[in-house]
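Down below is the structure, laid out as structure tokens.
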Amino acid sequence: MAGLTRTAGAFAVTPHKISVCILLQLYAPSAQMSLPFPFSSISQHNRLGLYLLSLTKSCDDIFEPKLENLINQLREVGEDMDAWLTDHLTNRFSSLTSPDDLLNFFNDMRGILGSLDSVAAQDDQIILDPNSNLGMFVRRCILAFNLLSFEGVCHLFTSIEVYCREAHSSSAQYDASNDNLGSLIQHDQMDMEKYIMDKATEEIELQKNASGRVPFHLHTPEALFKVTEEQMKHACLLVTRKEKSSTNTKKAEATQLACASSSTVNDTLVDESLFLRTNYQIQGFLMEQADAIETHGSSLSSSSIESFLQKLQNLAPELHRVHFLRYLNKLHSDDYFAALENLLRYFDYSAGTEGFDLVLPSTGCSMYGRYEIALLCLGMMHFRFGHPNLALEVLTEAVRVSQQHSNDTCLAYTLAAMSNLLSEMGIASTTSVLGSSYSPVTSTASLLSVQQRVYILLKESLRRADTLKLRRLVASNHLAMAKFELMHVQRPLLSFGPKASVRHKTCPVSVCKEIRLGAHLLSDFSAESSTMTIDGSLSSVWLKDLQKPWGQPVFSQESGSRKSSTFFQFCDHLVSIPGSVSQIIGASYLLRATSWELYGSAPMARMNTLVYATLFGDSSSSSDAELAYLKLIQHLALYKGYKDAFAALKIAEEKFLTVSKSKILLLKLQLLHEHALHRGNLKLAQRMCNELGGLASTTMGVDMELKVEASLREARTLLAAKQYSQAANVAHSLFCTCHKFNLQIEKASVLLLLAEIHKKSGNAVLGLPYALASISFCQSFNLDLLKASATLTLAELWLGLGSNHAKRALDLLHGAFPMILGHGGLELRARAYIFEANCYLSDPSFSVSTDSDTVLDSLRQASDELQALEYHELAAEAFYLMAMVYDKLGRLEEREEAATLFKKHITALENPQDEEPNMA
Amino acid sequence: MVSKESCRNEIRAAIRQLSDRCLYSAAKWAGEQLVGIEQDSSNFTPSNTRFQRGSSSIRRRFSTNESISTPQPSVGFSQPPATPLPQEDEVIDGDLYLLAKSYFDCREYRRASHVLRDQMSKKSVFLRCYALYLVLCTIQYFAGEKRKEEEMVELEGPLGKSDAINRELVSLERELSALKRTGAIDSFGLYLYGVVLKEKGNASLARASLVESVNSYPWNWSAWSELQSLCTSIEILNSLNLNNHWMKEFFLGSAYQELRMHSESLAKYEYLQDIFSFSNYIQAQTAKAQYSLREFDQVEIMFEDLLRNDPYRVEDMDLYSNVLYAKEACAALSYLAHKVFLTDKYRPESCCIVGNYYSLKGQHEKAVMYFRRALKLNKKYLSAWTLMGHEYVEMKNTSAAIDAYRRAVDVNPCDYRAWYGLGQAYEMMGMPFYALHYFRKSIFFLPNDSRLWIAMAKCYQSEQLHMLEEAIKCYKRAVNCGDTEGIALNQLAKLHQKLGRNEEAAFYFEKDLERMDAEGLEGPNMFEALVFLATHLKTNKKFDEAEVYCTRLLDYSGPEKEKAKSLLRGIRMAQTGFPSMDMEHFPL
């Protein structure tokens, strides 16, 4: 189809080619001497020959150098006879005074070709074999010239005039600069020329196994971003030849050579106009832009990208990847219609092959195109825009089509995407989502729960990815698996019931295993980089859409590799690790942090997040980075108090734009809620709570995590407002929801909350079973910190039953103490301390006067921590106890001090002011 | 309504001014309208009868070439014209202008603009800029000024528009905008400014400039049509602040047509026909609107008529060929193709007609070749892209088809045929869900076409999607849109039958039967409907009605007849009930 515009790719006679022909004439003059006139030695002659070889090789693809550059290069090649060479060249040009001269010139050219049966030639004769590279070149030139119409000849003639004139006007300039820069440039260029020579000879050998990786040479992409017309014109020229070049890797190499040469020339002469942009370069550059869009998310100005894309499109209308970039851009600026429109347009034009065809010549060129990729992308787009049903339909179709066209790679990715979709949305999905499931994979499993489907899909995808050696997909599948294992209790879900509850377990070992397997990618990758090109067949910038709240990206990305190596060159321990790989590994660290968070090791969680933020922060996607920030800020809030957390939040807010539903916004609301609760500002707390709930989608079963969070907080707010029955109601309905949607881990915390509510309402007997249930849940899901906190509540409940249970409560507390003190946040620790003091005080066998330090120490510790947290209620309690103890001990002064502090906190609690640090 | 005579006078003056400024296609258009005005009977002179048209028996028309000197006070000046007659700003053209104009006429545009380089009069400035623009403009068909193909190749180079040309275009724009700021620009200059702005992609400014131009000088049809191409939605069209003038009616007619408001457009043309009763243009436009309303027979007659009056016309003939294609009139199509090829084979329309001919003949490769040629002549030739897409679909080259359709859609996003084609292509590839989006798009632009609804319904019905409820909804829409092919009713009935809703199924079968009866059709659908209805009524114990259907079935041979017989037997038994059986049981 693109054949409509393919005419540009034909071999056409240009002034530059005529220059080469003139030089060829010199190299192999028809008057056959053993060594033609100007050459003083055979090596010199060969030198010119090799140079000409490199020129002819690059003739197909490069934007042709101007005469002046050619002359400059000749100066280096020609050594002592350079003047003669250039003179001859310019003279020859100036002798072309009419189109007729051109005709004669090409007639002469015919003479330098040896006849095809030139066996009889003598040894030292110089004959241009018509079948050699140079000979072919001459023949092509002659043929192209003969095919020209008269207008064409005239056209050529005028362009020769321009070609010569340009050289004249700048030759003076060159001389001046040459004098100034002196021998340095000379030296550089010598090296460069040598490089070309070496390269050219290597080339000949390389041709045989020329199907290697596609080289990218991106010179100063920043400069390109500004897109001077001039540069883009070159780009465009090269782009129009793309169909041709993509089928011919040999040409690509020639291009590479040309790039190397021209860019070095440019670097020394600062001649902007000679920058070359091959199709590959443009593709690579676009990939880089895609990455930038993805990394910076919505903070990148979408209009600036748009204008740049517009320019690019005007100059290179056949470069369809522009549409894809536009799609990405729109995707990140949340413009659904434009994104959809551009995605469809891209695939309509390119049939899913452009940009993907660079690396997979074997399976390519199916006449059906690769529309399954379009489906995959479309599915992920719907997913991102929050249309899970549509996404599922589209992905189902993608599965079907990729099976039909036996595109296993795409199938593996689709399955991964599907499992991701199901695990994100599917927790929620009741029959409404999956009711009409036609997927060959899911339909067999229609009886299974969503989790099991996710599991099956993941397994399937993993298996395919493994056999196809899609390492990145394997890695990200492992991570997905780890996440799955982390979040979901073990398989026998069908037999859920009180009897089977023992078998519900999470398995930290398998999580750990999966994470490690995922991280193996690094070693795999450094071991064999060649297979990566196969990975690239789904270039998959599009897979980036996959990252969602959990920040678990499924990336595979061939292009990222080349360009982000610029970054890695600076940190040499990671040399040549492509961006996508580092992204996956970064994600594995984040996942580790999350798992430690759940399992209850704060230091480990923090450490992993820090590792991520320091090592992978630069290459990460914005959503991942956001997640890391979020974790760190949460950690600060828990362990250092709100002041630090809010300060950090401010920084984060500057870094990430707070759009609706962004994680940072969520975090802010959570923090504000927490803070308001502690300060006793219940109105504010309620407001935050409502706002949080308002962020969630109204659709049943979507955004479940957010909804659970919101109602959990609502119950806590009600609890703080001492509206126990309402709080209990909310908690109960929340528990039902969690049960309905199989949110096992959330169940544990809801149970704990219920126990808490009963404790606060003074109904300890009712609270006990909830606390116990929560503990058993925590045990089977390995939620150690939550378990410690539940144990604390249990102990509190026991104490609530009467002071005769103080001993038992204390024992329980001491059992949980290591966990609480080692990993617990400020609040939990303070609570434990106060409770300990309470226990001692209520224990009849304990005498304050003899053992006052035990109590006072804990209380002091607690009050310090609570002050940092601004938790007025508990702080008041601590000071009250402290004052009582001091009173008993008869230390009046200290008693008064504690009493005033108590009063201060009580008044603060009773008059909560809106002295928020204008965060609300 | 303005009087005919005043119209005539306005147009006459306008033609002179337009051709004086080398706006030939606008002048041509105006000329066509001028002779399209019906002659008053008072002005009738026998010498004019030789211009009378022989074709249509109703039509009589008179030349007007000598009426300038004889004004008709009673008619021409009884009411003041809506707009003052166009006034010449410079009565005598400068010598240089005359020279430039003759250069221009010889297509030596550079030379023409060079001659006028220092002239400051508005007219000279316009001609200079216009000539320059024509040099720069790489669109082949600008304002109808055809450019030779070789010239194109020369200009275009491998990169399309070359940089130098772009730069000159920018400087041209700058000059025009400076002129506009100082007010030293007439309506022609404004028109050119609008065109340049449009080329630059600045649609809103271009619109403003063009509106200003047509408000001050309404007789420049080129300006109107440029403006029309910028009105992509009815909102934009309504927001234009246009003075009332009879030219506005022409504009609205064509704008409505572009916006697929065919009946409004037809109304406009009908209104205009009062004055311009012999205008070929109006006839062609009416035909176009009728074509969109799928009144093929009528359109064919109109085009035949048109060709008889204006045998060397190439414009709009591609539409005629489409009609002939739809009617599968091979011979007529080949005749038309031959004729236009003799007239001018380097017009995209001609190539398109030939493409259509080959397509009808089933020679799809050749058809593609000719569509390509048409596209080479005019890259933005919408229908050629779409038709080429159809050819590729026929050739089962779906990705090429998709590409072609997509290009059509990008040329004009309102082209429902291309959207439909895209949907079809994706459906062919077994991606019905993906195709749905495209069908939806096409339906958005043409919500009243049953074919589109049926296509969408089939998509939903496909075994991959199997979304029968949605399919039913689509078929219902199709029925409401007046499904001519009678697919929808049958399918509705079958779908309901499949879903076990026998009442609904019976309802639709009955409807379908009515339709078939009315059209006098027979076939398997009919048997099916009859069998179902008979069985259904029988199970519902409505024996009389069931019997009616059964007896109808008996008229046909084949297995249905047997089925009907057994049904009838069953009915008899049920009707006469058990007594009859008893009788058999108890032999006397």
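Some points to look at:
- Tally of residues being of a type in the set (D, E, K, R) and within 39 Å of the chain's Cα centre (by Cα) across the stretch B:518-557: 2
- Among the residues of the stretch B:483-508, none is identified as farther than 21 Å from B:L521 by Cβ and buried (at least 22 other Cβ atoms within 10 Å of the Cβ).
- Among the residues of the stretch B:367-394, those that are within 11 Å of chain A (Cβ to nearest Cβ) and of a type in the set (A, V, I, L, M) comprise B:V368, B:L375, B:M388.
- Count of the stretch B:437-452 residues, restricted to those that are surrounded by fewer than 24 Cβ atoms within 10 Å (Cβ to Cβ) and of a type in the set (A, V, I, L, M), is 2.
- Screening the stretch B:462-482 for residues that are open to solvent by 10 Å² or more (accessible area, probe 1.4 Å), outside any loop (DSSP other than H, G, I, E, B) and within 14 Å of another protein chain (Cβ to nearest Cβ) and picking the one that is farthest from B:L533 (Cα to Cα) gives B:E470.
- Looking only at residues of the stretch B:509-526 that are acidic (D, E) and open to solvent by 20 Å² or more (accessible area, probe 1.4 Å), we find that the one that is modelled with the lowest pLDDT is B:E522.
- For the residues A:M688, A:M607, the requirement of being at pLDDT 80 or above, open to solvent by less than 40 Å² (accessible area, probe 1.4 Å) and not hydroxyl-bearing (S, T, Y) singles out A:M688.
- Filtering A:A771, A:A790 for residues that are out of contact with any Asp or Glu (no Cβ under 9 Å at 6 or more places or on another chain) and open to solvent by less than 10 Å² (accessible area, probe 1.4 Å) leaves a single hit, A:A790.
- Residues within the stretch A:401-415 that are in contact (Cβ under 8 Å) with a residue 40 or more places away in the chain and under 9 Å from A:L375 (Cβ atoms), tallied: 2
- B:F445 meets all of the listed conditions (1) in contact (Cβ under 8 Å) with a residue 60 or more places away in the chain; (2) in contact with a Ser or Thr (Cβ under 8 Å, 6 or more places away or on another chain) but one, namely (2).
- When residues of the stretch B:164-209 are limited to those that are open to solvent by less than 20 Å² (accessible area, probe 1.4 Å) and within 14 Å of another protein chain (Cβ to nearest Cβ), the one modelled with the lowest pLDDT: B:I165
- Note on the stretch B:395-424: among residues that are part of a helix (DSSP H, G or I) and over 18 Å from B:L382 (Cα atoms), the one that is farthest from the other protein chains (Cβ to nearest Cβ) is B:Q424.
- Residues (of a type outside the set (G, A, S) and open to solvent by less than 10 Å² (accessible area, probe 1.4 Å)) located in the stretch A:752-768: A:L754, A:I757
- Residues being assigned to a loop (DSSP other than H, G, I, E, B) and either open to solvent by less than 40 Å² (accessible area, probe 1.4 Å) or of a type outside the set (A, V, I, L, M) (or both) - total across the stretch A:366-413: 10
- Which numbered condition A:Y368 fails, given (1) among the aromatic types (F, W, Y); (2) modelled with pLDDT under 80; (3) within 21 Å of the chain's Cα centre (by Cα): (3)
- Checking each residue in the stretch B:241-256 for being open to solvent by 20 Å² or more (accessible area, probe 1.4 Å) and touching a helix residue (DSSP H, G or I) at 6+ places or on another chain (Cβ under 6 Å) picks out B:L242, B:N243, B:E249, B:L252, B:Y256.
- All positions within the stretch B:309-345 that are among the charged types (D, E, K, R), open to solvent by 50 Å² or more (accessible area, probe 1.4 Å) and within 18 Å of B:Q290 (Cβ to Cβ): B:E315, B:K327
The values are calculated or read from the model by the stated rules, or taken from the named source; none is laboratory data. Everything numeric in this text was worked out from a predicted model, so none of it was measured. Here the Cβ is made from the backbone with ideal geometry for all residues, glycine too, and neighbour counts use every protein chain on show. Just so you know, the surface numbers come from the protein's heavy atoms only, side chains and all, with ligands and any DNA or RNA stripped out. Shrake-Rupley method; radii C 1.70, N 1.55, O 1.52, S 1.80 Å.
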